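Below is one structure, written out as structure tokens, with a few remarks after it.
The values are calculated or read from the model by the stated rules, or taken from the named source; none is laboratory data. These figures come from a predicted structure and were not determined experimentally. Quick reminder, even Gly has a Cβ in these numbers, built from the backbone with ideal geometry, and neighbours come from all protein chains shown. Accessible surface is based on the protein model in full, side chains and every heavy atom, while ligands, DNA and RNA are left aside. Shrake-Rupley method; radii C 1.70, N 1.55, O 1.52, S 1.80 Å.
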Amino acid sequence: MKSLTNEASYTLPNLVDVDRRLALAFGGLIFLLMVAVLLAGGLYLRGVMESEQDRLSTLTTRVLANAVSRVSFSGKYQARLLLEEIAAVQPDILYLRLIDRQGQVYAHSDPAQNDQQVDPATLAIVRALLDQKTALQVREYLLAEQPVREVSITYQGGYDNAVMGVIQVGISEVNRKNALENGLLFIAVVVVALLLVGIYATLRISAHFGNPIRQVARALERERTHLRTLVAAIPDLVWLKSTEGVYLACNPAFQRFFGASEAAIIGKTDYDFVDKELADFFQQKDQNAMAAGVPSVNEEWITFASDSHRALMETTKVPMVASDGSLIGVLGIGHDITEHRNIQSELTQHRDHLEKVVAARTAELNLAKQAAEAANVAKSAFLANMSHEIRTPMNGILGMAHMLRREGVTARQQDRLDKIDNAAQHLLGIINDILDLSKIEAGKLVLEDTTVVLASLAANVVSMVSERAHAKNIRLIVDVASLPRLLGDPIRLQQALLNYATNAVKFTEQGTVTLRIHPVEEGPDSLMIRFEVQDTGIGIEADKIGKLFNVFEQADSSTTRKYGGSGLGLAITKRFALLMGGDAGVLSTPGVGSTFWFTARLKKGNDNGLLSARASAESAEAILIRDYSGKRILLVEDEPINREVTLDLLNDIWPTVTIAEDGLDALNMARQHDFDLILMDVQMPRMDGLEATRQIRRLPNYATVPILAMTANAFAEDKTNCFDAGMNDFIGKPVNPDALYSLLLRWLAPPGA
């Protein structure tokens, strides 16, 4: 019963079925109860009547037997007394009388009735008995509104047992009537009680079942109303057809299509509203959807009869199936996609236009890219050319100063040579910074991956700034952690640390400058190393710290700057740190000092003895003089001053050095003579060093001869081009004598030496 209260579990057919079953059950129950009551009442009445009938029959039989045996027509008085006696002892006997053959009351239990003539009805009974037409006569009638049953029998007496007359006994039927009425009343009471019980049960069951059913019915009606409202509110066309194509329902939007009301549409087909061709199309799509058993979608142009406007509809047709699986028909939904199609068409046009614009813009960008690449190539070529053009005379300046020192000079000349060397080195540093920055911005700076000895690196930096520090009475402190050999770019690390140390000495008037190198993080294959330079100098204002690592920025950018500088060192240091997987920064307090730091991630290396013990104990120049002075050297250099400088450096070891002024001369000399090593300039007239190297490598016996590039071109691609052409190594101009001697020793010494 509880499930009946769940509205959602009932549908209208379920409710009708439940109502019908309840009605049949209640009717059957009441019918059975009524039949049972009637049967019980009938049995009761029958028992009562039979009991009363038996009693009256017994009474009548006894009275008649007594009367017949004792009554005598011999004397009226005795007969009357006898009848009165019998009637007195039987309260149900209303009267006893003897009637003779003439219909005269011979004796009566009521003395007032003696000698009276009986009424015609009684006389007829008497005569019927006397004439032996019947042996016993019973009649029922009312006596003073009281029901009476009268039994008449013949009285036979005398010696011949002749019929003397008739004895009549009038017995009251009140008790029997009362019993019958009581029985009927009992039945009526029981029936009424059953009816009341039935009504009560009906009310109770109705209250228990009817309210939920009515609630479900109301809910279903609400749902039906909501559904119809929802369908009516849908702007799309919605309709339902039978399997024969007859319309069963539709919404207002569809009514506008046909230009008719729903009542006028239901019961009709497409042929009643549209032309045969379109109707055939609709019917075919309906049949296809029902046959497929799945929704189908198609597009169709239709004209609304309500206002004659045309629309492109996307129609979805869905087969409708009853709960028993039987096919009801097809549900159709038509969605107007005219505007969507128009927008889509416009978007297609815009897309095509946009593609043309993008293509044109792409072409412009390609041109701009090509122009930018050309500009970049031009920039690289310009910088390379400028590097060559600047480094070439710088090589001559530094070389000549070196040559003058070796020849012996006065103290005054030595001082002037030192000033020339310092100015040239300063200028060279600026050039290197500019070139490094250009390489970094172009993504062409390639870091080396060689052995790094941090203690040696710190010692080199200290040696380069110690003279100026001592001149200012500044104490240099070195704090380097004990670390294994690491792999990285020692030149860039030293350059970055030197930038910090140089600035620290420059901006410190007194006190100390401390160099610290410590690990801050260890990985499985690498170490993050922190490099610090702490000074007791002038410090930096907080609002100026943010600009320090920008290109060409300085803490003091006024025209009256005291300390000078290009403003590139810190920017390059930060970029080196970022390339090495670290970062750079500064902590500073004005008037107290500053701590500049940078970090770099270095790979863990092994102690493979890459540093030559012999080279550390003895200079490369001395080893070359002692062991390799007999080697034949070819110098290829087109610039006279650089040729003179380099030749002077080589003549200390090899008094006779063959000279070629360009690549073509070098190729011809290599064809005529065998050389043990060739120093090759790159930029030369007629044939450059790259082409000359390629040609020489094709000559017999020159496949393994060391050819070393000696050039003012300092870009990574320049070094790569040299290697690609077949050169073995690379040294940049201006040439450092010690670096040149070390390079020569490396390639002249046999492997493993």
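MET320 meets the conditions (1) within 14 Å of LEU237 (Cβ to Cβ); (2) touching a residue at least 40 places away in the same chain (Cβ under 8 Å); (3) part of a strand (DSSP E or B) in every case but one. The failed one is (1). On the stretch given as region 117-131, residues that are closer than 13 Å to ARG101 by Cβ and acidic (Asp, Glu) total 1.
Cβ-Cβ under 9 Å, sequence separation 6+ or interchain: first residue in region 112-136 and touching a residue at least 12 places away in the same chain (Cβ under 8 Å), partner open to solvent by less than 80 Å² (accessible area, probe 1.4 Å) and part of a helix (DSSP H, G or I). Which pairs? Pairs found: ASN114/ARG80; GLN117/LEU123; VAL118/ILE125; VAL118/VAL126; ALA135/LEU129; LEU136/LEU129.
Among the numbered conditions (1) of a type outside the set (A, V, I, L, M, F, W, C); (2) in a helix (DSSP H, G or I); (3) modelled with pLDDT of 75 or more, the only one that GLN78 does not meet is (3). Of ALA709, ALA703, ALA739, all but one fail to be free of Cβ contacts under 8 Å to residues at least 60 places away in the same chain and under 16 Å from GLU639 (Cα atoms); the exception is ALA709.
Every residue, every condition in (1) part of a loop (DSSP other than H, G, I, E, B); (2) touching a helix residue (DSSP H, G or I) at 6+ places or on another chain (Cβ under 8 Å); (3) open to solvent by 30 Å² or more (accessible area, probe 1.4 Å); (4) among the polar types (S, T, N, Q), yes or no:
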position	(1), (2), (3), (4)
ALA458	no, yes, no, no
VAL461	no, yes, no, no
ARG468	no, yes, yes, no
VAL478	no, yes, yes, no
LEU497	no, yes, no, no
HIS518	no, no, yes, no
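Checking the stated criteria, ALA739 turns out not to satisfy the condition of being within 27 Å of ILE625 (Cα to Cα), small (Gly, Ala, Ser), crowded, with 16+ Cβ neighbours inside 10 Å and touching a strand residue (DSSP E or B) at 6+ places or on another chain (Cβ under 7 Å). Yes or no: GLU314 surrounded by fewer than 11 Cβ atoms within 10 Å (Cβ to Cβ) and not aromatic (Phe, Trp, Tyr)? When the stated conditions are applied, GLU314 does not pass them. From the residues in region 499-516 that are in contact with a Lys or Arg (Cβ under 8 Å, 6 or more places away or on another chain) and assigned to a strand (DSSP E or B), which one is farthest from GLY581 (Cα to Cα)? Here the answer is GLY511. Considering ALA617, ALA622, the condition of being over 30 Å from MET528 (Cα atoms), at pLDDT below 85, of a type in the set (A, V, I, L, M) and surrounded by fewer than 21 Cβ atoms within 10 Å (Cβ to Cβ) is satisfied by ALA617 alone. For region 706-727, the set of residues classified as over 17 Å from GLU691 (Cβ atoms) and modelled with pLDDT of 85 or more consists of PRO706 only. Listed by position, the helices (runs of 4 or more DSSP H) inside region 228-301 whose residues that are surrounded by 16 or more Cβ atoms within 10 Å (Cβ to Cβ) and in contact with a Pro (Cβ under 9 Å, 6 or more places away or on another chain) number at least 2 are 276-292.
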